[in-house]
Amino acid sequence: MYKNQELEFIKQQKQSLEEYVKKIEDLYQDTRIFKHDYINILSTMQYYIDDDDIDNLKVFFRSKILPSSEALTNKESIIGKLSNIKVLELKSILYAKLISAMNQKLNITLEIQEEISSISMDTLDLSTVIGAFMDNAIEAAKVSEEKKLLILLIYSEESVTIVISNSSPAIDIKLDVIYDKDVTYKEGHSGLGLYSSNKILDKYSNVIHSTNYNYNIFTQTLEICTQHNTEEVYST
């Protein structure tokens, strides 16, 4: 069963990486098209300026230029930052979930301060946990008023810290039981995602996991400490 799960995971990772490469290519084409249209945009702006038509110039700028440039810049920024992650399995699962969050119009913030080339945790276990945390974060954020999703990765010689934070509707949540089996605050869900994640994390003495919920902000933090003395460090 574990071997089948591993093979399915590898298949999903390959598909996500192929989609990642395709998205980079699409962004490159979008940039080329935007540059090609740049002269036409300037010509139209010049027309309004020469005609001293400031009102229509404002309308053109706000309706045509800002939306396209903001969308292009936001996609490039988020996808581009994933290049700092050299652990392909982690990059793959984050890419897949971020694309899902983009498609649901969430307000995404992604920060990766340093290059991450290795993590002292089995990559299948790590991807399973991060996938479950991201799924929960996206589902809660999309039904919240702010629709915010924050992912922060911090590298140091001692550890890699992953923070996943999201806005949430006001709920009466009990943090001490959310990892119990069959406990869920979402209609139509089994409650097994967080339970399974917690079982995985229990295997690792070098992983510090914390969960917080304050002011309608739900935050999951994983600090994966570097195991200098272990025989195997999981990396690319």
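Could you check, for the range 137-150, whether at least one of its residues is within 10 Å of the chain's Cα centre (by Cα), in the same structural domain as K199 (by TED's automatic domain parsing), touching a residue at least 12 places away in the same chain (Cβ under 8 Å) and part of a strand (DSSP E or B)? The answer is yes; a qualifying residue exists. Looking across the range 104-136, the residues that are small (G, A, S) and over 13 Å from the mean Cα position of the chain (by Cα) come down to S117, S118, S120. The set of residues from the range 214-236 being part of a loop (DSSP other than H, G, I, E, B) and modelled with pLDDT of 50 or more comprises Y215, N216, T226, Q227, H228. Out of contact with any Phe, Trp or Tyr (no Cβ under 8 Å at 6 or more places or on another chain), modelled with pLDDT of 80 or more and of a type in the set (D, E, K, R): is that true of D37 in this structure? When the stated conditions are applied, D37 does not pass them.
Residue-level check: of (1) outside the structural domain of Y204 (by TED's automatic domain parsing); (2) at pLDDT 90 or above, F60 misses just (2). Here I154, I208 are screened, and the one residue that is modelled with pLDDT of 90 or more, assigned by TED's automatic domain parsing to the domain that holds D135 and touching a Cys at 6+ places or on another chain (Cβ under 8 Å) is I208. Within the range 135-155, the residues that satisfy the criterion of being basic (K, R) and touching a Ser or Thr at 6+ places or on another chain (Cβ under 8 Å) are K147, K148.
The values are calculated or read from the model by the stated rules, or taken from the named source; none is laboratory data. Source: prediction; values computed, not measured. So basically every Cβ, Gly included, is an ideal-geometry build from the backbone, and we count neighbours across all protein chains shown.
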